[in-house]
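Scroll down for the structure; my scribbles are underneath it.
The values are calculated or read from the model by the stated rules, or taken from the named source; none is laboratory data. Quick caveat: nothing in here was measured; it's all calculated off a predicted structure. Counting neighbours? That spans all protein chains shown, and the Cβs are built from the backbone with ideal geometry, glycine included.
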């Protein structure tokens, strides 16, 4: 898994790419082996002062519950320290995981990047 970072007006968007993906529209699962990298990356972003994050899940086909716990812990850390994480374009299976594990109402989820960006100005 590769993490792509784009910064714009103090908002950081993180998206995910797989080295094996052959085209722009290919998706891949976030594997349990990716979680320590992801957890470390989110902690590093926080330490760098990037407290406004959009996590773009467009290319993610599946995520295990451990992945959700990484996102949940990061969300809590950011929220408790004046930051914010929102999610962009999770697919139906990820939305179902969010719902099953009762975090769908905790996370802000957007299907449009402009709305996700605007959420930081509310």
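The residues of the stretch 100-114 that are part of a loop (DSSP other than H, G, I, E, B) and within 19 Å of residue 45 (Cβ to Cβ) amount to a single one, 107. Does residue 117 satisfy the condition of being in a strand (DSSP E or B) and within 15 Å of residue 13 (Cβ to Cβ)? When the stated conditions are applied, residue 117 does not pass them.
Residues in the stretch 3-18 that are in a strand (DSSP E or B) and in contact with a strand residue (DSSP E or B) (Cβ under 9 Å, 6 or more places away or on another chain): 3, 4, 5, 6, 7, 11, 12, 13, 14, 15, 16, 17.
Restricting attention to the stretch 67-99, report how many residues are assigned to a helix (DSSP H, G or I), touching a helix residue (DSSP H, G or I) at 6+ places or on another chain (Cβ under 9 Å) and surrounded by fewer than 16 Cβ atoms within 10 Å (Cβ to Cβ).
Number satisfying all stated conditions: 3.
Condition first: surrounded by 14 or more Cβ atoms within 10 Å (Cβ to Cβ), at pLDDT 95 or above and touching a strand residue (DSSP E or B) at 6+ places or on another chain (Cβ under 6 Å). Can you find one or more residues in the stretch 44-53 that meet it? Yes, the stretch 44-53 contains at least one residue that is surrounded by 14 or more Cβ atoms within 10 Å (Cβ to Cβ), at pLDDT 95 or above and touching a strand residue (DSSP E or B) at 6+ places or on another chain (Cβ under 6 Å). Among residues that are outside any helix (DSSP H, G or I), without any contact (Cβ under 8 Å) to a residue 40 or more places away in the chain and out of contact with any helix residue (DSSP H, G or I) (no Cβ under 6 Å at 6 or more places or on another chain), residue 61 is included. Looking only at the stretch 34-56, which residues are under 17 Å from residue 119 (Cα atoms) and either part of a loop (DSSP other than H, G, I, E, B) or under 10 Å from the mean Cα position of the chain (by Cα) (or both)? 50, 51, 53, 54, 55, 56 - these are the residues of the stretch 34-56 that are under 17 Å from residue 119 (Cα atoms) and either part of a loop (DSSP other than H, G, I, E, B) or under 10 Å from the mean Cα position of the chain (by Cα) (or both).
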